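Enquirer: Below is a structure I'd like to ask you about.
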Amino acid sequence: QGALKDGERGGSGSRRTHSVLVISEVALSIVLLAGALLMVQSFFRVQKLQFGFNPEPVMTGRVILPDYRYSTPAKMGAFTRDLLPRLQAIPGVESAAIVNYLPLSGWSGWQDFTIEGRPPVTGAAVPSGGFQVASDDYFKAMGIQLIAGRTFTPRDNEAAPPVAAINQTLAQRYWAGQNPIGQRIIVPAESGPKALEIVGVVADIRAAGLEEPVEGELYVPLAQNPSAILGLVLKTQMEPATLAGQLRAAVWSVDPEQPVTFVMPLEELASESLAFRRAGMILAGAFGGLALVLAAIGIFGVLSYSVSRRTREIGIRMALGATRTEVASRIMREGLVMTAVGIGIGVFAALGLSSFMRSVLFEVKPGDPLTYVAVAAILLAVAAMATLIPARRATGVDPLIALRAD
């Protein structure tokens, strides 16, 4: 009995220090793994959202007409009238369009308006929405669904009555329970207030990114509202990137001095809109995986060291009738107890830090219980594997050799 107690006490101070380190590693692993798993869930939930348009077969570019060459709406309109048929004539292009602010580009405009027939309002109650100037085929090229009415046609030119289209969010915000088609809104213009007839309602799109709220949008025809900011849209069934040179050539055939910037597939813009969350997920996953490996190495190292220091004790136990299963269970229990203590501390720490995670999570609760159950199960499984080799090594101790050692 004295020999057994001496064996258990042998190196106890050192083992205790190592155990504290292992528990700390396991607790840190819980915090990092929980954070990584929450980030992964957020990323996949964001990916499940829909942009409201199809970015895959679309090539885009941007042209900004300088004021010294295109100082009047007439000159801007002439440029776009010349450019659109040249874009459409590019081989492989199904439809070509122009919009002032391309979705996901980070650019946007805002427009206040009043609703005809309603009393005027002031301050924050003034109706407003995003302001988009779009050519006839824009909705077709982008795959934006028409909900009611119609979109723009070539007849909506500068000689025709001014018209507009709105998205579902704007329709629900200011015409809830009513049909907005045929309603008129008043917008400011250089020549004075201008009345626009709403001719269509289109589906919402997430123009600012998947994680940003959908805003109300007001669309007006490019032919009636020439713009110096031109976002070029080419819908194709080819690889969009192959059209980069031809897109530039089409612009330069109208004005060889105009630079064409941000020439890239719209799918690339869509991917870039998720870059921050993707990087966060990868970084959190890397730290979580590293912490898991370190915890496994720590558990394995402490138990291996314990077995090497307790060879005589293990030999005496086996000589007195302890089975190999009992010896292995004793060693594995030591490792799993350390893991369980570390998991408990880590869960409390992770829950305490959950408020800092809230700002980077999307539709995932920082205290999601399933996440912590999954992380605890992963760590327990890793700990069980890490304890297996030292436990098997302990069962291989020959009692006679162990007793002769001292």
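The values are calculated or read from the model by the stated rules, or taken from the named source; none is laboratory data. All figures in this text were calculated on a predicted structure; none of them were measured in a lab. Reconstructed Cβ throughout: ideal geometry from the backbone, glycine too, with neighbour counts over all protein chains shown. Surface accessibility is based on the protein's heavy atoms, side chains included, excluding ligands, DNA and RNA. Shrake-Rupley method; radii C 1.70, N 1.55, O 1.52, S 1.80 Å.
Enquirer: Please list, in order along region 150-161, the HN-Hα scalar couplings obtained from phi with the Karplus expression 6.51 cos²θ - 1.76 cosθ + 1.60 (θ = phi - 60°), rounded to whole Hz, x for Gly and Pro.
Expert: Those phi angles translate into 9, 9, 7, 10, x, 6, 7, 9, 5, 8, 8, x Hz.
Enquirer: Name the residues of region 27-50 whose amide N is less than 14 Å from a point 7 angstrom out from the Cα of ARG278 along the C-beta direction?
Expert: Only 43-44, 46-48 fall inside the zone, counting backbone N under 14 Å.
Enquirer: Okay, next question. Considering only protein heavy atoms and a 1.4 Å probe, what is the carbon-and-sulfur percentage of the accessible area of the chain?
Expert: Looking at the chain in its full context, I get 60 percent from C and S.
Enquirer: Sticking with this structure for a sec: Please list ARG333, ARG150, ARG155 from largest to smallest accessible area, probe radius 1.4 Å, with all protein chains kept in place.
Expert: Putting ARG333, ARG150, ARG155 in descending order of accessible area: ARG155, ARG333, ARG150.
Enquirer: Still on this model: When we measure straight from the Cα of LYS48, which lysines land under 26 angstrom away, once same-chain ones fewer than 8 places off are left out?
Expert: LYS140, LYS235, LYS365
Enquirer: Here's a follow-up. Here are a few candidate values for Rg and Dmax of the Cα atoms in Å: [x] 26.6, 92; [y] 35.1, 121; [z] 33.8, 108. Which one was actually calculated from the structure I just gave you?
Expert: [z]
Enquirer: Measure out, as a whole number of angstrom, how far apart the alpha-carbon centroids of region 76-91 and region 175-210 sit.
Expert: Computed from Cα coordinates, the inter-centre distance equals 26 Å.
Enquirer: To continue, here is another question. Using amide H atoms built 1.01 Å from N in the peptide plane, name the residues 5+ places from PHE131, or on other chains, whose amide H lies under 5 Å from its own.
Expert: Here GLY109, TRP110, GLN111, LEU218 satisfy the definition.
Enquirer: Have a look at ALA349, THR261, GLY209 and report the one farthest towards the positive end of the charge dipole of the chain, computed about the Cα centre with Cβ charges (Lys/Arg +1, Asp/Glu -1).
Expert: ALA349
Enquirer: Sequence gap at least 6, Cα distance under 8 Å: using those rules, report the relative contact order of the chain to the nearest whole percent.
Expert: Worked out over the chain, it gives 30 percent.
Enquirer: Here's a follow-up. How tilted is helix 73-88 with respect to the longest principal axis of the chain? Cα atoms for both, answer in degrees (0 to 90, nearest 10).
Expert: Taking the Cα atoms of the chain, the angle to 73-88 is about 60 degrees.
Enquirer: Given a 1.4 angstrom probe, what's the average accessible area per residue across region 227-272, in square angstrom? Write down the numbers at each step before the final one.
Expert: Values: 2050 Å² over 46 residues.
Using a 1.4 Å probe on heavy atoms only, each residue of region 227-272 averages 44 Å².
Enquirer: Related question: Enumerate the calculated ³J(HN,Hα) couplings along region 176-182 in order (Karplus 6.51 cos²θ - 1.76 cosθ + 1.60, θ = phi - 60°), each rounded to whole Hz, writing x wherever the residue is Gly or Pro.
Expert: 4, x, 10, 9, x, 4, x
Enquirer: May I pose another question? Applying the Karplus parametrisation 6.51 cos²θ - 1.76 cosθ + 1.60 with θ = phi - 60° to the phi angles of region 362-378, what ³J(HN,Hα) value in whole Hz is obtained for each residue in order, glycine and proline being reported as x?
Expert: Taking θ as phi minus 60°, the curve returns 10, 6, 10, 7, x, x, 3, x, 5, 4, 6, 5, 5, 5, 4, 5, 4 Hz for region 362-378.
Enquirer: Same structure again: Restricting to bridges with both residues inside the chain, how much of the DSSP beta-bridge set is antiparallel, in percent to the nearest 5?
Expert: Roughly 75 percent of the beta bridges in the chain run antiparallel, per DSSP.
Enquirer: Where does the chain land at 222 nm, in deg cm²/dmol rounded to the nearest 500, when only DSSP H runs of n ≥ 4 count, each adding -39500 (n - 2.57), divided by all residues?
Expert: -16500 deg cm²/dmol
Enquirer: What distance in nm lies between label points placed 7 Å from Cα along the C-beta direction at ARG81 and LEU146?
Expert: 2.4
Enquirer: Could you list the residues of region 74-107 with an amide nitrogen less than 20 Å from a label point located 7 Å from the Cα of ALA249 in the Cα-to-C-beta direction?
Expert: Correct set: 82-97.
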